[in-house]
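Here is the structure we will look at, set down as structure tokens.
The values are calculated or read from the model by the stated rules, or taken from the named source; none is laboratory data. All of these numbers come straight from a predicted model, not from anything done at the bench. Counting neighbours? That spans all protein chains shown, and the Cβs are built from the backbone with ideal geometry, glycine included.
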Amino acid sequence: MAYMFVRIQRLLLLCSCRYNRSSDQSTLLEDRVVTISRAQGTLTFPANFMLVAAANPCPCGYYGDPVKECTCSLGTVLRYQKRISGPLLDRIDIHIEVPRVDYEKLAGDRLGESSAKIRERVEKARERQRRRFGGTGLQCNGDMGPSEVRQHCGIDATGRSLLKAAMQQMQLSARAFHRILKLARTIADLAECEQIETPHLAEAIQYRPRRMV
Ligand SMILES: [Zn+2]
């Protein structure tokens, strides 16, 4: 929905407080501080936040839906999807398409994993990360810079060739390379694995953004 796109853009514009350069919206996600410059002086505030956003694939909301046909023209879909810039999308680590849910699943008795159980797994993974970064000032995998990525995100030969193929086929940036490794490290932590294994890496790669058109 267009409304959601506008809200995301406004949030980022508001945070960056610089209205003339779209790249500032994306660097804000990495800098974790926001600088406000006025004639009287410059102030820097902390802006370390997690961005969670949702959007429809097109204005009518049905592009790619297997049941209901999308009524938008291809140009409209393209224009709509390009409203979020590539550099901004590149800095969002996990992109997931959420398809329509069948009636049978909605009405069925089968319940998913409970939030309490998921929380337990997340807390264990966080504890593992706290131990990993003890005394370094870093809190979690997301805080790692390139040198920590090199130190803690080693992958074997199969993983290296998988990542190389993904970099070439998906034309990934250097930023995406590090983000994939950090995410793979977190997936391995959730699975309670010391080493990043190929399935962890493959899962991290498939979360990279791709235009639907
Ligand atoms: Zn549509």
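Among the criteria (1) within 22 Å of the chain's Cα centre (by Cα); (2) over 24 Å from Thr198 (Cα atoms), the one Asp143 does not fulfil is (2).
So which residues in the stretch 46-77 are of a type outside the set (Ser, Thr, Tyr) and buried (at least 17 other Cβ atoms within 10 Å of the Cβ), if there are any at all? Across the stretch 46-77, the qualifying residues are Ala55, Pro57, Cys58, Pro59, Cys60, Cys70, Cys72, Val77. Here Thr71 meets each of (1) among the hydroxyl-bearing types (Ser, Thr, Tyr); (2) over 30 Å from Leu183 (Cα atoms); (3) at pLDDT below 95 with one exception, condition (3).
Test Arg185 against the stated conditions and say whether it is crowded, with 16+ Cβ neighbours inside 10 Å, in a loop (DSSP other than H, G, I, E, B) and not aromatic (Phe, Trp, Tyr). Taking the combined requirement at face value, the residue does not satisfy it. Between Gly159, Gly137, the distinction of being of a type outside the set (Phe, Trp, Tyr) and modelled with pLDDT of 95 or more belongs to Gly159 only. Taking each residue of the stretch 52-81 that is more than 9 Å from the ligand (Cβ to nearest atom) and looking for partners that are part of a helix (DSSP H, G or I) and among the aromatic types (Phe, Trp, Tyr) with beta-carbon atoms closer than 7 Å, six or more apart or interchain, yields Ala55/Phe5.
Inspect the stretch 136-148 for any residue being surrounded by fewer than 14 Cβ atoms within 10 Å (Cβ to Cβ) and either assigned to a helix (DSSP H, G or I) or touching a strand residue (DSSP E or B) at 6+ places or on another chain (Cβ under 7 Å) (or both) and give the result as yes or no. So that I can check it myself, show each step before the final result.
Step one: list which residues in the stretch 136-148 are surrounded by fewer than 14 Cβ atoms within 10 Å (Cβ to Cβ), which gives 136-137, 139, 145-147.
Right, trim to either assigned to a helix (DSSP H, G or I) or touching a strand residue (DSSP E or B) at 6+ places or on another chain (Cβ under 7 Å) (or both) and you get 146-147.
Checked against the condition, which is being surrounded by fewer than 14 Cβ atoms within 10 Å (Cβ to Cβ) and either assigned to a helix (DSSP H, G or I) or touching a strand residue (DSSP E or B) at 6+ places or on another chain (Cβ under 7 Å) (or both), the stretch 136-148 yields at least one hit.
Applying the set (1) within 16 Å of the ligand (Cβ to nearest atom); (2) over 25 Å from the mean Cα position of the chain (by Cα) to Glu104 leaves exactly one unmet item: (1). Every condition in (1) surrounded by 14 or more Cβ atoms within 10 Å (Cβ to Cβ); (2) within 16 Å of the ligand (Cβ to nearest atom); (3) at pLDDT 80 or above; (4) not in a loop (DSSP other than H, G, I, E, B) holds for Phe5 except the one numbered (3). Name the residue, out of Arg91, Arg110, that is more than 16 Å from the ligand (Cβ to nearest atom), at pLDDT below 95, of a type outside the set (A, V, I, L, M) and more than 25 Å from Lys182 (Cα to Cα). None of the other options fit; the residue is Arg110. Screening the stretch 156-172 for residues that are in contact with an Asp or Glu (Cβ under 9 Å, 6 or more places away or on another chain) and surrounded by 14 or more Cβ atoms within 10 Å (Cβ to Cβ) and picking the one that is nearest to Arg83 (Cα to Cα) gives Leu172.
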